[in-house]
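Student: Before I ask anything, here is the structure I am working with.
Quick note: the coordinates plus some simple rules give every number you see, no bench work behind them. Small disclaimer: the values here were computed from a predicted structure and weren't measured. Here Cβ is always computed from backbone atoms with ideal geometry, including for glycine, and neighbour counts include all displayed protein chains.
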Amino acid sequence: MSAATHALRDNLTMLRRNLLHARRYPSLTLNLLLTPVILLLLFVYVFGNVMSAGINGGTADRSEYIAYVVPGILLMTIGGIAIGTAVSVAMDMTEGIIARFRTMAISRTSVLIGHVAGSVIQSLMALAVVLGVGVAIGFRPDATPLEWLAAAGLLVLVSVALIWLAVGMGLASPNAEGASNLAQPLMILPLLGSAFVPVDAMPGWFRWFAEYQPFSPAIETLRGLLMGTEIGTKNAVLTLAWCLGLSLLGYWWSRSLFNREPRQ
Amino acid sequence: MTTTEHELAIVATGLRKSYGDKTVLDGIDIQVPAGTIFSLLGPNGAGKTTAVNILSTLISADGGQARIAGHDLTAEAQAVRAAIGVTGQFSAVDGLITGEENMLLMADLHHLSRSEGRRVTAELLERFDLTEAAKKPASTYSGGMKRRLDIAMTLVGNPRIIFLDEPTTGLDPRSRHTMWQIIRELVSGGTTVFLTTQYLEEADELADRIAVLNGGKLVAQGSAEELKRLVSGGHVRLRFSDPVAYEQAATALRETTRDDETLTLQIPSGGSQRELRAILDWLDAAGVEADELSVHTPDLDDVFFALTGSPVPAQSTQTTAKETVR
């Protein structure tokens, strides 16, 4: 076998290890999945009347608000899964087996790639669950098959980007609590963007941040793909740039942290 | 030296490592012929784990060179890794998955075929008496079982050289003897074993060659017999229950080593009838009576004492905080 096939096999082995962890100990994932589902139900059924008054100039009803909020909740779901990644990476690094991996003739980054691939799969499963809940309460996307495909691609891109970043956060943290704190912005940021209310409704001084931070362009793009609203070149370009940039940054950061000499 | 007849599995020259201004390894030279057991003996904090970490490619040395299985440690790290197996001081098992899954994980990382991986896993689990616990999560294993699983995982790739960092620390006496048996079997199969220990008895029991590490320096190297020859002879130990008698004896006798806590005196002696009689005569002359008199032939404890000028501090300390690696 060549070096490339060896590396591929190591990546798959590490992916299997991470999926096994997730299957044996699903509580972390379920816990993180609960937050977006509860927020979705809360915003639709409890705050729904007030929230819908904020869109379409106050003429929207509850079903229109569901259409508005589900794309934002979907991206928030990815943020939640990424927090889980940061926590499990930090926990994993305290395990003796990592030292064993470092003394074996395997592809070094396979440990990290295993975490990323495992989390992306978990993220897609979580997204399917949240989308299912959305449809159950009346979310009716009008996307064509091609738009569905693009939406899925977008969700994968965002997942990869946030999860690589989260792997770096996990490696940079001394323990699980630290990792959880460090990764918290990944779930808070959607609230500071267009997930629940349009950016136009925010105060002027804040609008600039809300518009350009990573989540809003991705939320607007997903909304456009699923609901047929206006995406705009700016949002499409910003989304791709953020995804690519964060993926590369996260990958580079994680790799250099992992290759650091183990502390003694 | 026998090194010309044997291939050298491990050759290290002038290994140095320091953290900040603390020198952990101060230029150590090691040669281990293939197929033998080498023991690095020393108290906690002597630098044993650092030496293993460097030789197993986990950390890099600040100075010096080493060749493992003929490969340069820094230039050909992956080739070194392919030849070695490491069982660190802290269990390197994945606690979240079962013992069997841990073994299959190793088989996959060694790129064994599925059937080969299953065969090796079943064989090693059987050999290390873990078949019954194979389907249980490794985190539920006892200390001895974890250590056995750890070594079983190390053996999956059939490594030619195995590093064992304090393999019996924290094990009960029975598990310790099982571990010794395992280590002997490894070497009879042609594997080279590099073992660190803080137990003199263990080095004596297992190792072909012993190097004594103290404060980052090798203070002696040789077979257990050679090391024992470094000290001239044994000693006679006198124990008192009466502090006054103890004081009297301590003043009356020359060349004694005092242990005020246990009221024990140590007098260098070869243990011959004449020497013993001389000690008894001194005691009679001083009018003191010892509660207990025992004769000790030299053991590695004495060697350690002779080499470092201090008793082995690690013998009774199992709770001392150790370095962790991440």
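Student: So for chain B: antiparallel DSSP bridges make up what percent, rounded to the nearest 5?
Tutor: Bridges in chain B that DSSP calls antiparallel: roughly 65 percent.
Student: Can you list the trypsin sites (Lys or Arg not before Pro) in the stretch B:246-287 that are in a DSSP coil and have 10 or fewer other beta carbons within 10 angstrom? Could the numbers behind the result be given before it?
Tutor: Values: sites: B:254, B:258, B:274, B:277; in loops: B:254.
Here the sparse-neighbourhood loop sites are B:254.
Student: Sticking with this one: Within the stretch A:158-234, which GluC sites (Glu not before Pro) sit in a loop by DSSP and count at most 13 neighbouring Cβ atoms inside 10 Å?
Tutor: A:230
Student: Over what distance in Å are the Cα centres of the stretch A:57-131 and the stretch B:161-233 separated?
Tutor: 47
Student: OK, next. Roughly speaking, what % of Cα-Cα pairs in the stretch A:1-76 are separated by over 21 Å, rounded to a whole number?
Tutor: 53
Student: I've got another one for you. Going Cα to Cα from residue B:135, which lysines come in below 30 Å? Please leave out same-chain ones fewer than 8 positions away.
Tutor: Result set, ordered by chain and number: B:146.
Student: A follow-up question, please. Given contacts defined as C-alpha pairs under 8 Å and at least six residues apart, what's the relative contact order of chain B, whole-number percent?
Tutor: 19
Student: Measure nothing fancy, just the Cα-based angle from helix B:114-127's long axis to the longest principal axis of chain B, in degrees from 0 to 90, nearest 10.
Tutor: Result, in degrees: 20.
Student: To continue, here is another question. Which lysines have a Cα less than 27 Å from the Cα of residue B:17, not counting those fewer than 8 places away in the same chain?
Tutor: The reachable lysines, counting only those whose Cα sits under 27 Å from residue B:17, are B:48, B:217, B:322.
Student: How far apart, in nm, are two points set 7 Å out from the Cα along the Cα-to-Cβ line at residue A:25 and at residue A:156?
Tutor: Going by the 7 Å Cα→Cβ label model, 2.9 nm.
Student: Does the stretch B:65-199 come out rounded, prolate or oblate, given a ≥ b ≥ c as the square roots of the eigenvalues of its C-alpha gyration tensor, rounded meaning a/c under 1.5 and, failing that, prolate meaning a/b above b/c?
Tutor: On the way: a/c = 1.76, a/b = 1.19, b/c = 1.48.
Here the stretch B:65-199 falls in the oblate category.
Student: To the nearest 500 deg cm²/dmol, what mean residue ellipticity at 222 nm is calculated for chain A from DSSP H runs of n ≥ 4 alone, each contributing -39,500 (n - 2.57), summed and divided by the residues?
Tutor: -25000 deg cm²/dmol
Student: What percent do you get for the relative contact order of the stretch B:10-156 when only Cα pairs under 8 Å and 6+ apart count?
Tutor: Computed value for the stretch B:10-156: 20 percent relative contact order.
Student: Among DSSP bridges having both ends in the protein assembly as shown, what percentage is antiparallel? Round to the nearest 5. Write down the numbers at each step before the final one.
Tutor: Values: 35 of 53 bridges.
Once the DSSP bridges in the protein assembly as shown are tallied, antiparallel ones form about 65 percent.
Student: Among the complete DSSP H segments of chain A, which ones combine at least 18 Å of alpha-carbon extent along their axis with a mean Kyte-Doolittle hydropathy of -1.0 or more?
Tutor: Numbers: long enough: A:3-24 (31 Å, -0.58); A:27-41 (21 Å, 2.12); A:62-93 (45 Å, 1.23); A:110-136 (39 Å, 1.93); A:145-172 (40 Å, 1.98); A:233-259 (39 Å, 0.58).
Helix filter hits for chain A: A:3-24, A:27-41, A:62-93, A:110-136, A:145-172, A:233-259.
Student: Taking only DSSP H segments of four or more residues, each worth -39500 (n - 2.57), what value at 222 nm results for chain B once the sum is divided by all its residues, to the nearest 500 deg cm²/dmol?
Tutor: Computed ellipticity for chain B at 222 nm equals -10500 deg cm²/dmol.
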